[in-house]
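The structure that follows is given in the form of structure tokens.
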Amino acid sequence: MSSPAEARTVVAAGGALWRPAGGGAVETAVVHRPRYDDWSLPKGKLDPGEHSLTAAVREVVEETGLTAVAGRRSVTSRYRVPEGDKRVDYWLMRVTGGEFAANDEVDELRWLSPAEAAALCTHDADREVLADLVRTDVPREPALILVRHGKAGSGDKWEGPDAERPLTPNGQEQARQLAAVLPLFGPTRIASATPLRCRQTVTPLAEALGYEIEELVEFGEPEFGGDPHRAVETALGLLEGPGVTVVCSQGGTIPTVLGALGVHGHGVPGLPAPAAKGSVWVLGGRPGGLSADYYRDLGPDPDAP
């Protein structure tokens, strides 16, 4: 039988901060932690009930004083610590402002080229993240976030028009979770298919950001079935930017659009990509060079304290 230490997973999260350095190059920030006398990427443990991405951004801000928007999900490091197994989730993060000030956790920050940062870092796990930062086959930042509407109960039990079926209390909670996490990607537009449950799913997000919800009827299931190419072409246009657009759609639309973009379930061609209610796909790039991160839900991490 496993001991409590062996069964426990300690979860932490952090980021590879980056900024343009001219000529298409980037610089990245590494920090010195006096407690461990090491050089590393900023990171820290999750608070109770926290999502990993929320923790990653919070820890970066606390340790560096810099503000950033989250981009592509990077590697996950796993290793043993005295408390048990440790998992550290990383994201690439573009710096948007702020200023470093030495604090109890970090007494020095250096902006370096990724190669210089990798040479300075103490731990191999950080070097793996930096190797991911310099990839050129996929972009560092997303342009399109596809959201499946939250839970809305059974259509068979709803007596009114299907387009007016509302979110259940569980669906409303999913909408609140989306509103707490998706702003970290820096959305610039919010759009929705026509059904009420789609609009309700992104309403808390729109209210939090002060945006109007645009209507994209081609992402609704009846309209999509009549002209699926229209939704795919719209998605391709949104992937060109500018900015980051959030689109709330339905379970009959999202997997097909993803398949047309080259995203399949478990990477198996022809297998539909998952799209659970309240789930999110964060997309950047173009077919053939697409980053596609799936978030099954944005609730608390199951391994959080």
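Bear in mind these aren't lab numbers, they're just calculated from the coordinates by the rules spelled out. Everything numeric in this text was worked out from a predicted model, so none of it was measured. Note: ideal-geometry Cβ built from the backbone for every residue, glycine included; neighbour counts use all protein chains shown.
Would you mind checking the tilt of helix 228-239 against the longest principal axis of the Cα atoms of the chain, expressed as 0 to 90 degrees and rounded to 10?
30 degrees
Hey, another quick one. Rounded to a whole number of µm²/s, how large is the Stokes-Einstein D of the stretch 144-295 at 37 °C and 0.692 mPa s, given Rh as the Kirkwood radius over C-alpha pairs?
Stokes-Einstein gives a translational diffusion coefficient of 214 µm²/s.
Related question: Show which aspartates and glutamates lie in cross-link reach of LYS277 when reach means a straight Cα distance below 15 angstrom and same-chain residues fewer than eight apart are skipped.
Those aspartates and glutamates meeting the cut-off are GLU173, GLU221, ASP297.
What distance in nm lies between label points placed 7 Å from Cα along the C-beta direction at ALA260 and ASP85?
The answer from the label model is 4.0 nm.
Residues of the stretch 124-159 with amide nitrogen under 11 Å from the 7 Å Cα-to-Cβ point of THR76?
Inside the label zone: nothing.
In the Gaussian network model of the chain, springs joining C-alpha atoms below 10 Å, which of ARG286, ARG127, ARG135 carries the largest mean-square fluctuation?
Of the options given, ARG135 has the highest mean-square fluctuation.
Which length gain, in nm to one decimal place, applies between ASN103 and VAL138 when the Cα-Cα distance is subtracted from 0.36 nm times their residue separation?
Numbers: separation 35, 0.36 × 35 = 12.60 nm, distance 3.48 nm.
Residue separation times 0.36 nm, minus the Cα-Cα distance, leaves 9.1 nm.
Out of (i) 32, 54, 13, 0; (ii) 37, 59, 4; (iii) 34, 56, 10, which label holds the value of P(r) over Cα pairs in 20 Å bins from 0, in percent that was computed here?
(i)
Right, here's the next one. Test of understanding: ordering ASP104, ASP301, ASP126 by Cβ neighbours within 10 Å, fewest first, what list do you get? Intermediate values should be presented prior to the final figure.
Numbers: ASP104 10, ASP301 19, ASP126 25.
Final ranking by Cβ density, sparse to dense: ASP104, ASP301, ASP126.
Mind checking which of PRO187, PRO272, PRO42 has the largest fluctuation in a GNM of the chain, springs on alpha carbons under 10 Å?
Residue with maximal mean-square fluctuation among PRO187, PRO272, PRO42: PRO272.
Tell me the label-point distance for the pair SER154, HIS229, using the 7 Å Cα-to-Cβ offset, in nm and rounded to one decimal.
Going from the SER154 label point to the HIS229 one covers 3.9 nm.
Among GLY71, LEU109, THR28, which residue has its Cα positioned farthest towards the positive end of the charge dipole of the stretch 4-133, with +1 placed on the Cβ of Lys and Arg, -1 on the Cβ of Asp and Glu, and the dipole taken about the Cα centre?
Towards the positive end, the residue furthest out is GLY71.
Can you list the lysines whose alpha carbon sits under 27 Å from that of LYS86, skipping same-chain ones fewer than 8 residues off?
The qualifying lysines are LYS43, LYS45.
Can I ask one more? Calculate the spin-label point distance for ARG296 paired with TYR36, positioning each point 7 Å from the Cα along the beta-carbon direction, and give it in nanometres.
The answer from the label model is 2.7 nm.
Let me ask something else about it. Neighbour counts of other C-beta atoms within 10 Å: give me TRP111, TRP158, TRP281 arranged from fewest to most.
With the sparsest Cβ surroundings first, the list reads TRP158, TRP111, TRP281.
While we're on this one: Calculate the FRET efficiency for ARG58 and GLU240 from the Cβ-Cβ distance with a Förster distance of 41 Å, rounded to the nearest 0.05.
After rounding, the FRET efficiency stands at 0.85.
Continuing with the same structure: Could you work out the Rg to Rh ratio of the stretch 4-133, with Rh taken as the Kirkwood radius (inverse of the mean 1/r over all Cα pairs)?
Details: Rg = 14.1 Å, Rh = 14.8 Å.
Reported Rg/Rh, Kirkwood definition of Rh: 0.96.
A further question follows. Need one word for the stretch 193-255: rounded, prolate or oblate. Basis is the Cα gyration tensor (sqrt eigenvalues a ≥ b ≥ c); a/c below 1.5 gives rounded, then a/b vs b/c decides.
Oblate is the answer for the stretch 193-255, as a/c is 1.5 or above yet b/c matches or exceeds a/b.
Test of understanding: ordering ASP297, ASP227 by Cβ neighbours within 10 Å, fewest first, what list do you get?
By the 10 Å Cβ count, ascending, the order reads ASP227, ASP297.
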